[in-house]
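K.L.:
Got a structure for you, written out below as structure tokens; questions coming shortly.
The values are calculated or read from the model by the stated rules, or taken from the named source; none is laboratory data. Please read all numbers here as calculations on a predicted model, not as lab measurements. Ideal geometry is used to build each Cβ from the backbone, glycine not excepted, and the neighbour counts take in all protein chains shown.
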Amino acid sequence: MKPINIGLMGVGTVGGGTATVLKRNAEEISRRAGREIRLFMAANRDLARAREVVGDGVPLVDDAFQVVNHPEVDIVVELIGGDTIAKELVLKAIDNGKHVVTANKKLLAMHGNEIFARAQEKGVMVAFEAAVAGGIPIIKALREGLSANRIEWLAGIINGTSNFILSEMREKGADFADVLKEAQRLGYAEADPTFDVEGHDAGHKLTIMAAIAFGIPMNFDNCYLEGISQLEGKDIQYAEELGYRVKLLGLTRRTDKGVELRVHPTLIPEDQLIANVNGVMNAVLVRGDAIGQALFNGPGAGALPTASAVVADIVDVARLLTSDPEHRVPHLAFQPDRLQNLPILPMGEVVSSYYLRIQAADRAGVMADITRLLAENNISIEALIQKGSATDGSAEIVILTHRVVEKSANKAIAAIEALDSVAGKVVRLRMEELNG
Ligand code: NDP
Ligand code: HSE
């Protein structure tokens, strides 16, 4: 049978890993795909660097449009990133009737509705396993393995860079900026690492998973994003004293009122497996009505783990190339005409538990004022500790609450901050038990 010709665009961390895996495992891959899969041509800005990776036999160009327009390319693999040139290239490839494999979560979270509609129209596949959680086959699991379930919620550590930073800070007391540099050196971070540490990258991935889990369109604009850059070491430490780990979590949940879609640092009980996922590892915990809870764990970034997902998509597309488009797995798991436009809940309507740290005067009556304000807003306390008095006569009060709607927590926090006895802002972190 004729080999499948791959046109690779972007020979950086993931593109380089993909070229390496395609070459190294060529025999295994063709035994699986049923035909040879060969790197037919590649595009990169820096041709010399790309040449070192792909070797002598592969034609290299610096204009990626030559790849999407080449009549002999069967599958275009987009590993450039971003949503400018990458979007133009992907749409052009689709218009040219080519199948696309991409690891570009930003592109799909922001323009996926347009891209999938175009692909549907043209009868081509857009595969994106590598876009979420690196090497973990979570897209396949959600889209196919769990298709019997009504998915209730899922929560994931889905940014390797942030998890690596939090783990190194916790375990080695390392400095945030130093660990971020190391994550960049290891090829984990995005071209602009603020996307990692401010929660955008996790938001892109969460948006994609929510679409597949619930059969809704991509809705990144309504995803709540809060990263790890403002986290203070002492909150991580106090959380640990109370039996919790702090992780950057992406959480999406279907409720009667709409869909929660949120990324933020989160306290998770330390006896939950997901709380112990460290370094660049990612994990996604999925709750379905039939399966109960299932945890998917594995490397979330890096050249070869991500290439593992990219090449798996290539094999999938190669196997399905000749199948009737109507018999392929739909891009977003649900039939395109059966997607539901469920509202994304504003954060005020989200229900969560909270960790609050309050800097307050260490004198009689202050604690009573604080607990009264919580009670007035129907907030029940799960745990409360006071950390030692400072020399200025103030103390830190740390409170864990039971679940409450966020607008009530906001009201209580505003009232506490307005007390004369309270200094500065109340530090608030959300807390999830993830047990049902
Ligand atoms: P890199 O920056 O390492 O690689 C991107 C490559 O694309 C570079 O070699 C760059 O060349 C090249 N490039 C940029 N613009 C063009 C252009 N116009 N034409 C041709 N080549 C171009 O990024 P990554 O490999 O890390 O990421 C690629 C994609 O994979 C992104 O969407 C990212 O979000 C995603 N991803 C990354 C993971 C990771 O662990 N790194 C994991 C999962 C997904 P030059 O350097 O010369 O500019
Ligand atoms: N920058 C991303 C991360 C790469 O750190 O998770 C994997 O998508």
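K.L.:
Can you tell me which condition V404 does not meet? The list is (1) farther than 30 Å from A109 by Cβ; (2) within 35 Å of the chain's Cα centre (by Cα); (3) among the hydrophobic types (A, V, I, L, M, F, W, C), and all the others hold.
P.N.:
So V404 meets the others, but not (1).
K.L.:
Residue under question is A133, and the condition is that it be of a type in the set (A, V, I, L, M) and either in a loop (DSSP other than H, G, I, E, B) or not assigned by TED's automatic domain parsing to the domain that holds I37 (or both); does it hold?
P.N.:
So A133 fits the description; yes.
K.L.:
Now for a different question. Can you tell me which residues in region 227-245 are touching a Gly at 6+ places or on another chain (Cβ under 9 Å) and crowded, with 16+ Cβ neighbours inside 10 Å?
P.N.:
G227, I228
K.L.:
Go through (1) within 16 Å of ligand 1 (Cβ to nearest atom); (2) β-branched (V, I, T); (3) over 29 Å from the mean Cα position of the chain (by Cα) and name the single condition I37 misses.
P.N.:
Only one criterion in (1) within 16 Å of ligand 1 (Cβ to nearest atom); (2) β-branched (V, I, T); (3) over 29 Å from the mean Cα position of the chain (by Cα) is unmet by I37, namely (1).
K.L.:
Being away from ligand 2 (no atom under 12 Å from the Cβ) and in a loop (DSSP other than H, G, I, E, B) is the filter here; which residues of region 175-197 pass it?
P.N.:
Matches in region 175-197: D175 only.
K.L.:
Here's another thing I want to ask about it. Please count how many residues of region 141-166 are assigned to a helix (DSSP H, G or I) and either within 11 Å of ligand 2 (Cβ to nearest atom) or without any contact (Cβ under 8 Å) to a residue 40 or more places away in the chain (or both). Explain how you work it out, then say what you get.
P.N.:
In the first step, residues of region 141-166 are kept if they are assigned to a helix (DSSP H, G or I); the result is 141-145, 160-166.
Filter once more, so that each one left must be either within 11 Å of ligand 2 (Cβ to nearest atom) or without any contact (Cβ under 8 Å) to a residue 40 or more places away in the chain (or both): 145, 160-165.
Qualifying residue count, region 141-166: 7.
K.L.:
Condition (residue is in contact (Cβ under 8 Å) with a residue 60 or more places away in the chain and either touching a Gly at 6+ places or on another chain (Cβ under 8 Å) or part of a helix (DSSP H, G or I) (or both)) applied to region 60-67: is it met by at least one residue?
P.N.:
yes
K.L.:
Are there strands (runs of 3 or more DSSP E) fully within region 208-312 with at least 2 residues that are touching a Leu at 6+ places or on another chain (Cβ under 9 Å), within 30 Å of E396 (Cβ to Cβ) and among the β-branched types (V, I, T)? List them. Before the answer, list the steps.
P.N.:
Numbers: elements: 244-254, 259-269, 281-288, 292-299.
The qualifying strands (runs of 3 or more DSSP E) are 259-269.
K.L.:
Also: Identify the residue in region 1-19 that is in contact with a Leu (Cβ under 8 Å, 6 or more places away or on another chain) and more than 15 Å from V315 (Cα to Cα) and, among all such residues, is surrounded by the fewest Cβ atoms within 10 Å (Cβ to Cβ).
P.N.:
Looking at residues that are in contact with a Leu (Cβ under 8 Å, 6 or more places away or on another chain) and more than 15 Å from V315 (Cα to Cα), I get G12.
K.L.:
Could you check region 357-389 and list, in sequence order, the residues that are part of a loop (DSSP other than H, G, I, E, B), in contact (Cβ under 8 Å) with a residue 24 or more places away in the chain, of a type outside the set (S, T, Y) and under 21 Å from Y238 (Cα atoms)?
P.N.:
Hits for region 357-389 are D362, I379.
K.L.:
If you go through region 273-288 one residue at a time, do you hit one that is modelled with pLDDT of 95 or more, touching a Ser or Thr at 6+ places or on another chain (Cβ under 6 Å) and over 12 Å from A155 (Cβ atoms)?
P.N.:
Checked region 273-288: at least one residue is modelled with pLDDT of 95 or more, touching a Ser or Thr at 6+ places or on another chain (Cβ under 6 Å) and over 12 Å from A155 (Cβ atoms).
K.L.:
If you check D369 against the conditions, is it at pLDDT 95 or above and in contact with a strand residue (DSSP E or B) (Cβ under 8 Å, 6 or more places away or on another chain)?
P.N.:
No, not satisfied.
K.L.:
Would you point out which residue out of A174, A155, A189 is farther than 18 Å from G250 by Cα, of a type in the set (A, V, I, L, M) and either in the same structural domain as L206 (by TED's automatic domain parsing) or surrounded by fewer than 24 Cβ atoms within 10 Å (Cβ to Cβ) (or both)?
P.N.:
The match here is A174.
K.L.:
From the list V329, V284, pick out the single residue that is surrounded by 19 or more Cβ atoms within 10 Å (Cβ to Cβ) and either outside the structural domain of A383 (by TED's automatic domain parsing) or within 16 Å of ligand 1 (Cβ to nearest atom) (or both).
P.N.:
From the options V329, V284, the qualifying one is V284.
K.L.:
Another question, then. Select from region 79-126 the residues that are among the charged types (D, E, K, R), within 16 Å of ligand 1 (Cβ to nearest atom) and within 24 Å of A202 (Cβ to Cβ) and list them in ascending order. Give the derivation first.
P.N.:
Restricting attention to region 79-126, the residues satisfying the condition of being among the charged types (D, E, K, R) are 83, 87-88, 92, 95, 98, 105-106, 114, 118, 121-122.
Then keep just the ones that are within 16 Å of ligand 1 (Cβ to nearest atom); that gives 83, 87-88, 92, 105-106.
Listed by number, the residues that qualify are D83, K87, K105, K106.
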